[in-house]
Structure formats: C-alpha cells, structure tokens
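Reviewing the structure listed below.
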Amino acid sequence: MAHHTIKSGYSSLSERLNRFPQGAPPSELLFSILKILFSEQEAELVASLPIKPFTAEKASRIWKMDLTWARKTLDTLAGRAILVDIEQNGETVYILPPPMAGFFEFSMMRLREDVDQKVLGELFYEYMNVEEDFIRDLFTEGETQLGRTFIHEPALSAENALHVLDYERASHIIESATHRGIGICYCRHKMEHMDRDCDAPKDICMTFNNTAASLIRHEYAREVDVQECLDLLQTAYDNNLVQFGENVREQVNFICNCCGCCCEAMIAVRRFAILNPVHTTNFLPEVNEETCTGCGKCVDACPVEAMTLVSANDPNKPRLKKAIVNEDICLGCGVCVRNCEFDSLHLKSRPARVIIPMDGMHRAVLMAIERGKLQNLIFDNQALLSHRALAGILGVILKLPPIKQILASQQVRSRYLETLITSYNKKE
C-alpha cells in the first residue's frame, strides 16, 4: 500500500513536468529518479506549482499553507536546485525549471552527499541513453528545439567573422551576462558513474544571468568573472568541445561544452540526425579536395560523425583518401576546421539563415504550439496566467506565421484568442 501511495505522488509530479513544452514521459525509471530528488510530500507540493514564475504568497494559497512555512519550503527546494529563485523588484520569485535543461542537470553539477549520485547517474543513464523515450521527445518533436550550436570562434576567418552576429558567439554571451557560474558537466559526471566518461574537463559547465545567480547562491555553481569564463571557453576550444547553449538570442541561461561521447545533445544528433534535434550554426565546412590529404583529423574531431573519409579516386595513389561532409547532420560548429593542419577546410555560409527565437518566452510558445501543449502555458492550475504573462504569450502568438497562429488557436480553443488573431491580422 505504501508503494502505491509513493508512486501515485510521483506520478502526479511526472504528469506535471510533462506539461512543459519539453516534458518528461512518465516511466518507472522517472519515478525512481524523482524519489531520490524529492520526498513524497515535496513531490505532491511541487506537482501543484505553476509552470510560470510565482511568489511565496502564490504558493501558500495553492498549498493552503502558512506563508512562513511556504517560504521555508520553497527556499529548501531552491537550496537543492529543484527551484530557481530570482530577485525581482525587491521580492523573491520562484521558477520550477523543466527537467532538462533544468533540475536533472543541476542535481549533478556539484559533488554532494545528500543524494547517492552514483545511483542517480545510473538511473539518468538508463532513462536517457537506454529507454530513449525522454531524449527522443526532448530533441525531436517539433521544429523549434531546446538548444543550439555556437560557432567555434577560432575557426572563423576574417570574412566569416563579418557574418557572425553577437548572439552566435559564446564569447559575447559570457561578456554580456549579469552573472556567470561554473559547475560540473552533468553529462560527463553521469558517465563517470558508469565508467564511460572521457578525459575532457568536467568543471566547465556554464550558466548565466538569473539561473547562474540562483545556482551560485546555493553553491551549485561557483561565480567567475568574465576573464576566467573566457579562459574556460578557450580550454573548451583546446579540447575540441562543442558549445551547445540555450536556443534564444537574448538572456541565454546556459552553454554546455560538449564532447561527442558523453553529452546528451551530441548523442541525440547522431541517433536522430534526420529529425534535426539541435539547431545548427549558419555555417558549413567545405573541403578543398586538391589539398586534402585524408589524414582523418577532422573525422576524429567531429562530435556527430558528420565528417568521413572516402577514396580520393586517384589512379596514381590508390590508397589516398579525402574528407567529405554530410551536410544533413553537420552542426556547423567548425571544430573540424580548427583541426585541419593543411588548411583544407573552410567555413561557408548556409543557403538560408537559421532562425533563433528571441527569448525564453518566444521559444516556449513555439515549442508548446508544435508539441500541442500551448494550453498548458496559457491555462495553468485551472486559472488564467497573470495579465502580464498572458499578454507576453499572446504577443508572441500574434507575430507568428499564419499557419502557427491557426495551430495555436486550435489548441487553446479560445474564442478570445481567435478574435484577437483575426483583429491583429486585419491591421497588418
């Protein structure tokens, strides 16, 4: 009977988490993960929290709990990096982050003794690398994805650099952030517990802005200045790590420095390549066949196996190889270019620019529409969002292409929304 009670509590929480645009399909493995991270009571409380940011006062009303106890509970959860707490206009606002990129990663971003990280790492591995439903849903549903690739800046020529916008450079994200935090790489830490980790540095996971401020405050990340963060970025370059970050132009909250063997995003690209699980850069590598020696260093460096060697078809040198690029799966990161010692690889612009959502709200709305979850953003806890948040969501919808406006309207089934879209389009 006790097992049934616990499972039902975690089942409620998993259903809540699955309401996010990037959800978490319920499974026995997920229940086991949640059981390590949450007590039964915490699972029940968190299951009732809004997806949108909320205050302690809001939580106390939802929980029908004294404000002091509600705030203490929220601060306890924030102290374990299950919630993110942000200071806004003199008051604390709490956010329930999605599982990824969110409290799954946070749970492994520092060494800790309050949870069994070996067991947790093994469960994460089974849930993401073996069971696969979560990773498939996270990276392959819809056109708009959670993350994007940043250009490998040392690979840029002077001409290329003219076509790279600030938000496409990891260095700009570092320099413009309000806070910079460094934690342990979740992916390689998880693989360490499976005895499958590589030699790439682990203390190199970057968080920024409000998320970094919360993680730093609760010692899940250490605060660094601009120069140290740039030095770590250079370390990532030197280790052929790919910068994979939040798929937004403004207020980027994370940049992971990914290896091809351990990191979920790179593994997803190899598994689900044709479904475009990660947004690429606006570049592609181009091989100069006349100077390529077929040494294979670009093949070794590529994290997603987009570079391969084939016969050069030279009758005078039957064993000679040359590199070719599979443009369908190439991230355009440029790591291969930096590793070519014969200057036989150069970056060229993609035929069409990759569109990056403006901010987190824009991305969340697009993802929700494409995944059939828009109603979860607009209607939450059987109550309308605040006017300001609702206005933000509707503002994004009104700027979408007509086909996605229709999808949004169908999902919400709201006469008000349909009228608003019709009225807006008549003005345009």
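The values are calculated or read from the model by the stated rules, or taken from the named source; none is laboratory data. What you are looking at is a predicted structure, and each value in this text was computed from that prediction instead of being measured. Cβ: placed from backbone, ideal geometry, glycine included. Neighbour counts: every protein chain shown. The protein model used for the area step is the full one, side chains on, heavy atoms only, and it has no ligands, DNA or RNA in it. Shrake-Rupley method; radii C 1.70, N 1.55, O 1.52, S 1.80 Å.
Values computed for the structure shown
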item: Hey, Lys52 under 23 Å from the mean Cα position of the chain (by Cα), within 21 Å of Phe106 (Cβ to Cβ) and of a type in the set (D, E, K, R) or not; result: yes
item: Among (1) under 27 Å from Arg217 (Cβ atoms); (2) in contact (Cβ under 8 Å) with a residue 24 or more places away in the chain; (3) open to solvent by 10 Å² or more (accessible area, probe 1.4 Å); (4) in a helix (DSSP H, G or I), the one test that Leu29 misses; result: (1)
item: Qualifying residue in region 293-300 (condition: among the aliphatic types (A, V, I, L, M), under 28 Å from the mean Cα position of the chain (by Cα) and buried (at least 19 other Cβ atoms within 10 Å of the Cβ)); result: no
item: Residue check, Leu331 within 27 Å of Arg196 (Cα to Cα), in contact (Cβ under 8 Å) with a residue 60 or more places away in the chain and either outside any loop (DSSP other than H, G, I, E, B) or of a type outside the set (Asp, Glu) (or both); result: yes
item: Pick from region 411-428, criterion surrounded by 14 or more Cβ atoms within 10 Å (Cβ to Cβ) and assigned to a helix (DSSP H, G or I), ranking: modelled with the highest pLDDT; result: Gln411
item: Hey, Gly121 in contact (Cβ under 8 Å) with a residue 24 or more places away in the chain, more than 27 Å from Thr280 (Cβ to Cβ), in contact with a Lys or Arg (Cβ under 6 Å, 6 or more places away or on another chain) and not aromatic (Phe, Trp, Tyr) or not; result: yes
item: Tally, over region 154-167, of residues that are touching a strand residue (DSSP E or B) at 6+ places or on another chain (Cβ under 9 Å) and either assigned to a loop (DSSP other than H, G, I, E, B) or within 26 Å of Asn253 (Cβ to Cβ) (or both); result: 5
item: Neighbours by Cβ (under 7 Å, 6+ apart or cross-chain): first from region 55-70, open to solvent by less than 70 Å² (accessible area, probe 1.4 Å); second among the acidic types (Asp, Glu); result: Thr55/Glu91; Ser60/Asp66; Leu67/Glu57
item: Top-ranked residue of region 218-239 - restricted to ones that are within 21 Å of Cys262 (Cβ to Cβ) and outside any helix (DSSP H, G or I), ranked as most open to solvent (accessible area, probe 1.4 Å); result: Asn239
item: Which numbered condition Ile151 fails, given (1) in a helix (DSSP H, G or I); (2) modelled with pLDDT of 95 or more; (3) hydrophobic (A, V, I, L, M, F, W, C); (4) open to solvent by less than 10 Å² (accessible area, probe 1.4 Å); result: (1)
item: All positions within region 191-238 that are under 19 Å from the mean Cα position of the chain (by Cα) and among the aromatic types (Phe, Trp, Tyr); result: Phe208, Tyr220
